[in-house]
1. I need the P(r) histogram for the stretch 375-463: all alpha carbon pairs, bin width 10 Å from 0 out to the longest distance, whole percents.
2. May I ask for the equivalent-ellipsoid semi-axes of the stretch 212-267, computed as the square root of five times each C-alpha gyration tensor eigenvalue and listed largest first in whole Å?
3. Kindly provide the Kirkwood hydrodynamic radius of the stretch 220-338 in Å, to one decimal, from all pairs of distinct alpha carbon atoms.
4. Using Cα-Cα distances under 8 Å and only pairs 6 or more residues apart, what relative contact order does the chain have, in percent?
5. Applying a 10 Å radius around every beta-carbon, put 438-449, 475-486, 62-73 in order of their mean neighbour count, most first.
6. I need the peptides 406-416, 105-115, 31-41 ranked by packing, meaning the mean over residues of other C-beta atoms within 10 angstrom, with the highest value on top.
7. State, to one decimal in nm, how far the label point of residue 131 lies from the label point of residue 478, with both points 7 Å from Cα in the Cβ direction.
8. Under the Kirkwood approximation for Rh and a Cα-based Rg, what ratio Rg/Rh is obtained for the stretch 269-404?
Amino acid sequence: MQFTGSSLLIELLKRQGIRIVAGIPGGANLPLYDALGQSDLRHILVRHEQAGGFLAQGMARSTGSAAACLATSGPGAVNLLTAIADAKLDSVPVVAVTGQVPSGLIGTDAFQEVDTYGMSIPVTKHNFLVRSAPELLEVVPEAFRLALSGRQGPVLIDMPKDVQQARVEVDSLPQPGAADSGPDADGAVLASMARLIASSERPVLYVGGGVIASNAEEEVRALSAACGIPVVCTLMGLGIMAPDDPLSLGMLGMHGSRATNVAVDRADLLIALGVRFDDRATGSVAGFAPRAKVIHLDIDEAEIGKIRRPEISAGCDIKRALRRLNRMVAKAGRAGWRAETGALRAEHPFSVPLVESHPGLLVQRLAALTPENAIVTVDVGQHQMWAAQWWPVRRTRTFLTSGGLGTMGFSVPAAMGAALANPGTPVIVLTGDGSLLINIQELATIAENNLDIKICVFNNGHLGLVRQQQELFYGERYVASRFEARPDFAAIARGFGIPGCTIGIQHDEEALRRALSIKGPVLLDIAVPEMENVYPMVPPGKSNVEAIWSHRSTG
Ligand SMILES: Cc1ncc(C[n+]2csc(CCOP(=O)(O)OP(=O)(O)O)c2C)c(N)n1
């Protein structure tokens, strides 16, 4: 078979199951685009490479499959790096293909040359600089295998222009790269975990994104139900337990409820599954679950003991380990502990909104007006935390958020990926007036592809989470957190060809309902109180039980 480097790359992407690829063309990847144009791969022309990376993430996060994106050399590649770093911190399988200047010019400061390979090393799981077209036969399947295996993550393939143009004769095409099956936990280790669970009186399951990556939600619920163990989750673990499950205690950490953080504080055993003891989850590490022994299961051995030394641990595939563990554990009701955590939950829900205009109520209202199977993407800031607290996440892969890197600008392009990968599934964006502006150009992409995405802007006229920290921890010295210019987002949306509505009073339910019932994409600019804060909030350096619980109490 005759290929060029470019047509071979496209063929290999297709064999990996890639049907949609996002990007922007430029001088150094035009041969690739030429080959793309002659294939049946669907290309989404984003308006900023970062958005192409987030679009790929939206596909990968909502489906669990690897997704791909493209960028040209130099500025294109550099623009993509934020989305790649974001995928690294949240372990999202994305394969990025960048164009590079011709091999002979590498290192000469050629036009649009940057050392993409070097710059991407710290933010990728692995990266390749392809030196010849036949190498692609190994590199592409290997890139996908690496992105999907073990702890998932982004892989970058940098392709010089001459490699894209080279002609190559291929006898046979390789098998697509697939995830290796992760290691198994040792049987004796699992047996001692079962014994430790049996001897504990106040165990808590602490679950995160690793459970979702290993598709182990059912096994977690089974363990919780069999042994009467309450479950707390990280931001990345929302959806593992339905919020109305009596054993679900919700999100822990900096903005977790008092019930959740107090339950962890009282626990005598913490069963940590697919989590990395991130500082937003633990607060001060010394004060985190101080009475608890720790069991830690994670596919990434490097996470074990990184922050907290466990009593028993295994670097293994969580799903398979839990299946075996669930057969070993002694069934238990733990009526006393369940009653205690149930009472905590009843006594201390999230700080109850005191006023009708509280954005938590807006989140609930939007959820009630949105079909249950919807995928929600959120941006970064107060609205993200209100969403995490108040949106009822019933299934995994339906709440997409930039957890690790906390990248403003994530929600809109991630929603585009979710909409493209899940046709017919409603997609809703919750964003802030700050975050929206970071990738607002993507409204053009949404309009061009008529993606059915409802964008809800929580407009408080501020970089709200920054303002909140200045209020609470910097003596109300507000620096660079207030927007003096207030864009008319509804008019801007219309300028991009998307219906836009301004909703002055956020509890005007009828106006919300009308706006959300518009067919196709729509942007709702919703006024929310400017000085509202997210509570609880753990002050920097404090332990989770020292949170500021609400406007009124600090104890
Ligand atoms: C790219 C990027 N720059 C800066 C920050 C720091 N930051 C975190 S939250 C926030 C404010 C977000 O404002 P907005 O999107 O309006 O949301 P709000 O907090 O008001 O709900 C900022 C600036 C960030 N997370 N990401």
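1. Answer for the stretch 375-463: a P(r) of 18, 55, 26, 1 percent.
2. Gyration-tensor ellipsoid for the stretch 212-267: 18, 14, 9 Å.
3. By the Kirkwood definition, the hydrodynamic radius is 14.6 Å.
4. So the answer I get is 14 percent.
5. For the peptides 438-449, 475-486, 62-73, the packing ranking is 62-73, 438-449, 475-486.
6. In descending order of packing, they fall as 406-416, 31-41, 105-115.
7. For residue 131 paired with residue 478, the spin-label model returns 5.8 nm.
8. When Rh is taken as the Kirkwood radius, the ratio is 1.00.
Coordinate-derived values only; no laboratory data. Since the model is a prediction, treat every value here as computed from it, not as a measurement. Cβ: placed from backbone, ideal geometry, glycine included. Neighbour counts: every protein chain shown.
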